[in-house]
Amino acid sequence: MEQMYSEAAGIFTAAGFFALVNVMLIDIVMSGDNAIVIGMATKNLQGAQRKKAIFIGVVLATILRIIFACTAVMLLKVVGLKFAGGLLLLYVVWKFYKELRSEKHGGHEDAHQGAKHTLTGAIWLIIIADVSMSLDNVLAVAGAARENLLILGIGLVFSIILMAVASSYIANKMDKFPQIQWLGLLIILFVAIEMLLAGSDELENKLFHVNILPFASIVLGIIGFQLHAWYVKPASEQKIADWCSGNWRGIFIAGIFLFLSLCFIGDKIRNFFVSHPAALYFALAIVLFLIIEIISTFRATKRK
């Protein structure tokens, strides 16, 4: 009881107040990521099924956060846990990407895609994402809470409310504006890359004593290329031509902007990517996706 009073009093100190604000800011960012995943996973569900999936997703995230919070000290000692969480999140990215590409080409009848549109498929993706994202959230919040369990509990309640409200809002917005789904996909991809970078640094310093990220990037790129060839229908050459024809002004302006940026602030861009490796790998991942799409389209055209 005395410890509870002590922790409650600690919130009203300057250090305690800023710790609470820090925890809430972390929860806003990281619970927002969870909400995006839950929103994307449930966007194809309607009515009661969507509400049920969102409820289960929030409950699972809450349970996982409580478990991780209770074992945070032990989890911090497990080498490679963050890297594994990043790989799990990449799997979620792949599942969402495959679904979005399938929707674009009307492939809902594909047997490989059928499970995703069920309540079970949505909950399965939420579980996988919750494991990695809740782990990342708890490890970040545990440090910011400064060992104050009351602050940790307040942050947990705040994140639950935020996830419940935001995930439903995001799912509804995705019904009206399907383009938001690609933005959500990019956000999840960036979070996965950040976790992989943090995990690879840990593996380098504590286990392998060598940077495994370049090798892992090559392996993941090859796996991505092969999975795309197996499960994703190539883009239509005519649709690409029509899109380029309809958006040539935007493409031209973007090209000029990129050229001028490289000419006048090329050094600043290089320094930015050097100092922000997550942004560099994020850009490389997008380029890889584009290359894979282009190659698959050319291969499909030749087969015809």
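Taking Ile240 as the residue in question, decide whether it is surrounded by 11 or more Cβ atoms within 10 Å (Cβ to Cβ) and of a type in the set (Val, Ile, Thr).
yes
Which ranges mark the helices (runs of 4 or more DSSP H) fully within segment 207-304 that have 3 or more residues being of a type in the set (Val, Ile, Thr), in contact (Cβ under 8 Å) with a residue 24 or more places away in the chain and over 25 Å from Val191 (Cβ atoms)?
Result: 277-303.
State which residue is nearest to Lys77 (Cα to Cα) when the search covers only segment 203-215 and only residues that are touching a helix residue (DSSP H, G or I) at 6+ places or on another chain (Cβ under 7 Å) and surrounded by 11 or more Cβ atoms within 10 Å (Cβ to Cβ).
Ranking the qualifying residues of segment 203-215, first place goes to Leu203.
Given the residues Val274, Val219, Val232, which is the only one that is under 26 Å from the mean Cα position of the chain (by Cα) and surrounded by 12 or more Cβ atoms within 10 Å (Cβ to Cβ)?
Residue meeting the stated conditions: Val232.
Quick one: Leu25 ticks every box in (1) surrounded by fewer than 17 Cβ atoms within 10 Å (Cβ to Cβ); (2) modelled with pLDDT of 75 or more; (3) closer than 21 Å to Met163 by Cα; (4) not basic (Lys, Arg) except a single one, so which number is it?
So Leu25 meets the others, but not (2).
So which residues in segment 154-202 are among the hydroxyl-bearing types (Ser, Thr, Tyr) and surrounded by 17 or more Cβ atoms within 10 Å (Cβ to Cβ)?
Once the filter is applied, which keeps residues that are among the hydroxyl-bearing types (Ser, Thr, Tyr) and surrounded by 17 or more Cβ atoms within 10 Å (Cβ to Cβ), segment 154-202 yields Ser159, Ser167, Ser168, Ser200.
Test Ala84 against the criterion of being modelled with pLDDT of 80 or more, surrounded by fewer than 18 Cβ atoms within 10 Å (Cβ to Cβ) and out of contact with any strand residue (DSSP E or B) (no Cβ under 6 Å at 6 or more places or on another chain), and give yes or no.
When the stated conditions are applied, Ala84 passes them.
For segment 210-249, name all the residues that are within 17 Å of Ile286 (Cβ to Cβ), small (Gly, Ala, Ser) and at pLDDT 80 or above.
Ser217, Gly221, Gly224
Among the residues of segment 39-73, write down those that are at pLDDT 80 or above, buried (at least 21 other Cβ atoms within 10 Å of the Cβ) and among the β-branched types (Val, Ile, Thr).
Thr42, Ile54
The values are calculated or read from the model by the stated rules, or taken from the named source; none is laboratory data. Computed from a predicted structure; not experimentally measured. We place every Cβ from the backbone using ideal geometry, glycine too, and count neighbours over all the protein chains shown.
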